[in-house]
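These notes concern the structure reproduced below.
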There are 2 protein chains.
Amino acid sequence: MNPELFSTKQRILDAAEALFASHGFAGASLRQVTSSAQVNLAAVNYHFGSKENLINEVLRLRLDKLNADRTQALQAALAKSPAQLEDVLGAWIRPALAASANEKGSTAFVRILARTYAEQNERLRSFLHDNYGHVLRDFTTALGTLLPHLDKQELYWRMDIITGALTFAMADFGAIKRRGASAEQHRELTADHLIHFASAGLRAK
Amino acid sequence: MNPELFSTKQRILDAAEALFASHGFAGASLRQVTSSAQVNLAAVNYHFGSKENLINEVLRLRLDKLNADRTQALQAALAKSPAQLEDVLGAWIRPALAASANEKGSTAFVRILARTYAEQNERLRSFLHDNYGHVLRDFTTALGTLLPHLDKQELYWRMDIITGALTFAMADFGAIKRRGASAEQHRELTADHLIHFASAGLRAK
DNA sequence: CTAGAATTCAAACAAACGTTTGACAAGCGA
DNA sequence: TCGCTTGTCAAACGTTTGTTTGAATTCTAG
């Protein structure tokens, strides 16, 4: 009942997010999580009921925010007239990359997200689909008006490609090493490259 | 010592590949693997020494083939003159997508690969880097001569983006559903879209 | 201040984990 | 046939897993 910032529940969520990201859902044990959060082992089951519920909670909290950020950014991009393709793409890409900078400055969540895609777990897949579906549709609709030469099916193909590249970049998987650049600078650079590349890909044909 | 197709060792490799893909390295137990392979539990430690060695073996076998296929396809693409950007891209993309069609027609390996990217495990990361590094360099060099307006650093950025989209597509993560199309048809369609999109992205600016 | 709810804690639970063992069977060159 | 390697098997090893328990503690409304 305590909405405090450093409550037991919140500390568990933070530690779980970081450990799930680095070791996976199966690979990170509750003992690691509770030890890192400096709470008792039983606290997870007390506050969340089970490990699976904890996993879902970690995902849900972040996804809700990402979806809200993307939706808001899309509306802002569409407010300008004429709307620019780069701005709509930015509304899809930048909130996702920004999500990597949580309170602790870690990239935990995005690695979790990328990992969740890799989990064949159907419950997680459909969970993602249910939470992402309508946002993806909104973006595809917006892109459709900007790119009238592409039909719906073709737009979904290209959004698939963009989302793949974005997911990959979110988790900082690539070979690109940021030398001297701060995390924010690197993130900005990544966003610019993604938007530039994706714009050309979308305008093709 | 038996190179038989259905030897204990091979059955373990096949079962491990499928189970690692669907449940992750930590999530798939040796009991699941040996049960699925219909061999004794101790067989894994007898033939591979440990679970970690089994993981490495599963990855190594597939990566060796993928690297060889890509290198060969690149040479074929460069043999034509003038070399075409789409052909070089195809040499990077098509062998990776084709790797999804193993003997059992499953997409196990590529999901493993995608999952490996998501594993923060540094040993696996460097393992991948050591096996992929020189092939990636060869492709970047080839692309550099075709795209003289892009410097080395910019090429790595764009190859990062392409590889991300490819990895995503390899694991069949996207929202695109193949309706009625066979796996091969879908793979061809995916390759065509990726190559088309990436060509435009690479030629940009 | 006090009764009762909410939370934390050490300890233990059964189950599942990767690995090891030693017995036993199969294959094979001498 | 012999002796030896190779492979398979059931059983057990010690850990670690997620979860539960019941007592102790902290918090909070009356």
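Paramagnetic label reach from B:Asn56 (point 7 Å along Cα→Cβ; backbone nitrogen cut-off under 20 Å): within the range B:132-164, residues B:132-134. Note on A:Ser126 and B:Ser36: their simple-model spin labels are 2.1 nm apart, each label 7 Å out from Cα toward Cβ. Taking the fewest neighbouring Cβ atoms within 10 Å as the starting point, the ordered list for A:Glu184, A:Glu17, A:Glu57, B:Glu154 is A:Glu184, B:Glu154, A:Glu57, A:Glu17.
Label points for A:Asp64 are taken 7 Å from Cα along Cα→Cβ. From this copy to the others they lie 5.1 nm apart, shortest first. The label point for A:Ala181 and the one for A:Thr145, both projected 7 Å from the Cα toward the Cβ, are 3.3 nm apart. Here B:Asp130 yields copy-to-copy label distances, from shortest upward, of 4.4 nm, the label point defined as 7 Å from Cα along Cα to C-beta. For A:Ala181, inter-copy separations between label points set 7 Å beyond Cα along the Cβ vector come to 3.4 nm, shortest first.
Read the figures in this text as sums done on the coordinates, not as results from a lab. Predicted model, so just to flag it, every value in this text is computed and none were measured. Here Cβ is always computed from backbone atoms with ideal geometry, including for glycine, and neighbour counts include all displayed protein chains.
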